[in-house]
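J.: This is the structure I want to talk about, given as structure tokens.
Bear in mind that the values in this text are calculations on the coordinates, not laboratory data. Computed from a predicted model, the values in this text were never measured in an experiment. Cβ sites come from the backbone with ideal geometry, for glycine too, and all protein chains shown count toward neighbours.
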Amino acid sequence: MKSAAVRFVPGAVVLALLCGCVQPVREDICPVRIDLVASEDGALHFEVSGFAAARVDEASLRESFRVYTIFDKRSAGEGLPAIAGSYVFGEGVLRFRPRFPLEAGLGYSARLYSSSGRFEETRFDIPRKELERGTIVAAVYPSVDVLPENLLKFYIHFSAPMSVGMAYENTRLLDSNGKVVKYPFLELDEELWDPRGRRLTIFIDPGRIKQGVLPNEVVGPVFKEGESYTLEISDHWKDAAGARLRSSFRKSFRVSEADRQSPLPAAWKLSAPEAESREPLKLAFAAPLDHALLHRLLWVENAAGERVAGEVRVEAGERGWSLRPDTSWRPGEYRLMIFSTLEDLAGNGIDKPFEVDVFEQVRERVESKTVSRAFTIRPRQR
Amino acid sequence: MKLKLLACLALTCSLSISLNPAAAADLTAGMKPAKLELKSAGPVAFGPDGILFVADPLGATVHAIATGDTGKSAKRKAVSLEAVDRKIAAALGTAPDKIRISDLAVNPLSGVAYLSVARGSGVAAPAAIVTVRGDQLELLDLSILKSASFALSSVPDAKASTGRGRRRESARTQAVTDLGYVNGRVLVAGMSNEEFSSSLRSIPFPFAGSGKPVSVEIYHGAHGRFETRSPVRTFVSLNVAGQPYLVAAYQCTPLVTIPLSDIKPGAQLKGKTVAELGNRNRPLDMIVYTKAGKEYMLIANSSRGIMKVSTVDLEKSPGITERVSGGGSKGVPYETIKGWKGILQLDKADDTTALVMRETEGGSFNLETLPLP
């Protein structure tokens, strides 16, 4: 496929090519063609062809051909470096493959230079892609509408991969009067995305949660108990394709007292199903736990220490968890395994609270990496 | 990011030589041409012999690249380049708003700047390393260079799969907030996108050596009373009272010192708070240098400009344990350097100059070499 391209060729063109070993620069080899061609893998590359000379010096030709990105049509390439890429020469054609795919909506100037610095130019415009505003905020966790004063983080889930580097300008927190809360988030240059770019983690500034740290003492905590707030996500945020979100998103919530206690697995309600069924094992927590960590840091092992495979669900409000096994439960002893870094909404881990008050330690820290709770799957009652 | 080579104590040197006879040899010797492909490019830092360390958070890997740039082949030129973002975008064939510059490091042997760059908008955007020698910009061809890679230790993933047909890809990633080469080890500070972790990894280099990687948890104490995990935002190494230390800035703002000798398996380190860098401010980069026989540290901040601190003051600091009235702190004194405004990246270029990336009023970025204050 030859690309549809804006093409113009300046009049007097001199091409510096050494034909043979010691021949002087030839000026009779025009016209040459510069085309934009799709490779077998779909990537576009530039082809220079139509040399009149029988023998073309490959090294000189490589030095003579450059492609520039056009930002400004009047001063294309001026003061800008050429595009990085690789050259292959064969059968009278020089092929230049850009290191990265050409960008929709941009223009490129392909040039064949002479020894005097003059050049023949062909310009190519890559058609702009029509962008559809289809991406939405699919969910925000915690999903409950009452959050502790020392809440540590939000997870924002999107329906498609998002652009990186736009998080903090498009996420804001409003108080009950609609006034913007200043600097509530830990703004990291390295935005905390999942590997697919569909989930962003936003931490509340820990300097405004931790007791005895300057920001908390001077500016105070982000949230105040009893107040209401709204997390607002702007539709100016672009997805990875460059399209704005289909709509803005708001999550309103009320703030309860700070939670400084570690979750206690012994206090969870555990409902074990009967054997020979695929009914789920169910857990009900005393308070909501971290949505992401519930998917990763809880599992069930049988008496042999083998993990029970199945479908994990985190129940509404992150107050419950269930495991539906792939195969029917067999009667016997099992253990619910909990990785000690499982956290609640305030970052209190099973192993230790978010903050340990060394003067008033409530209980000893858990030193092992996992804690477990035994349960029995009983034979089915006939 | 900065070169973080410590002046080696005589004792440390003799120990390392006796334990590792290869230490004095070319550190690139064990590297192989690997056609390295970066999944992402985060913080970068130089070690000896022109070795560039690149954090690849998406690939959960640290790469060591033998750049071959040992300063012997070309004359040293001070880096100066206007609109570096436009120029990088042009070289990568895209628009300036489609690139992200993650970090910058100067090769101390050649004075060449190396920038880690993402080309595209999304998380999976291809990564590249761009070099600037004087005012000449080039893309580093990783396919022809020797390299070695180290997989960052596995995460507490609780046996990630959850059964037939429903395998759930782990959504956990570990952002790397800083890395540096100190005394034969690569130190990596990071932060998880799930649990509030505060691990600092110390990886022996060369990677294939016999030393074992160590991961420690970093803590913060306040008022001698509250203890919390404290992720590190950026760090630098220096000698305090003749002992090698890390000076680290926590995400929750305190600037702390941590003895390097404390980085041992299973350790939980509590930094000594020597300053608090202020509210609504993020420390971005730190460098250490000597001027007129005195050692200083420069701290680039997001909203409080460039702070200059005497390392003698760090040494003398008893540590902040109590708040003074009015919400201030008795931290080490610092001077704010006037004229160094809008600085986003900072590294030491040589003994007397620093390379900075500065945001202009027009919103583009310039690389400038400035005399150290």
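J.: Above 23 Å lies some portion of the pair distances; for the stretch B:35-151, what is it as a whole percent of all C-alpha pairs?
T.: Summing the P(r) tail past 23 Å for the stretch B:35-151 gives 24 percent.
J.: Can you list which of the trypsin sites (Lys or Arg not before Pro) found in the stretch B:168-266 are DSSP loop residues with at most 15 other C-beta atoms within 10 Å?
T.: Those that pass, being in a loop and sparsely packed, are B:Arg168, B:Arg225.
J.: Over the stretch A:265-377, what is the mean sequence separation of C-alpha contacts under 8 Å (at least six apart), divided by residue count, expressed as relative contact order in percent?
T.: 29 percent
J.: Could you tell me the largest-minus-smallest coordinate of the C-alpha atoms of chain A on each of the three principal axes, in descending order and whole angstroms?
T.: Principal axes ranked by extent give 93, 57, 39 Å for the Cα atoms.
J.: How charged is the neighbourhood of A:Glu149? Take every other residue with its Cβ under 15 Å from the Cβ of A:Glu149, and add Lys/Arg as +1 and Asp/Glu as -1.
T.: -3
J.: In what order do A:Asp344, B:Asp85, A:Asp57 fall by count of nearby beta-carbon atoms within 10 Å, going from fewest to most?
T.: A:Asp57, B:Asp85, A:Asp344
J.: Once every Cα of the protein assembly as shown carries one equal point scatterer and solvent is ignored, give the base-10 log of I(q)/I(0) from the Debye formula at q = 0.05, 0.06, 0.08 Å⁻¹, two decimals.
T.: These q points yield log10 I(q)/I(0) values of -0.30, -0.43, -0.74.
J.: Let me ask another. Checking the cross-link filter: which lysines have an alpha carbon closer than 17 Å to that of A:Lys282, excluding same-chain neighbours under 8 positions apart?
T.: A:Lys269
J.: For the residue pair A:Ser176 and A:Ser116, what label-to-label distance in nm results when each label sits 7 Å from Cα along the Cα-to-beta-carbon direction?
T.: Placing both labels 7 Å along Cα→Cβ, they lie 8.0 nm apart.
J.: Using helices alone, I'd like the mean residue ellipticity at 222 nm for chain A: each DSSP H run of four-plus residues gives -39500 (n - 2.57), total over residue count, nearest 500.
T.: Value at 222 nm, helices only: -1000 deg cm²/dmol.
J.: Here is a further query. Put a dot 7 Å past each Cα toward the Cβ at B:Ala208 and A:Ala286; how far apart are the dots in nm?
T.: With each label point 7 Å from Cα toward Cβ, the separation is 5.4 nm.
J.: Roughly how many nanometres apart are two label points built 7 Å out from the Cα toward the Cβ at B:Thr360 and B:Ala267?
T.: 4.6 nm
J.: Over the whole of B:257-266, what's the average partner chain Cβ count within 10 Å per residue? Rounded to a whole number, please.
T.: 0
J.: Still on this model: Find the relative contact order for the stretch A:137-256 and round it to a whole percent, using C-alpha pairs within less than 8 Å whose residues are 6+ positions apart.
T.: Computed value for the stretch A:137-256: 33 percent relative contact order.
J.: Per residue and in Å³, how big is the convex hull formed by the alpha-carbon atoms of the stretch A:137-256?
T.: 99 Å³
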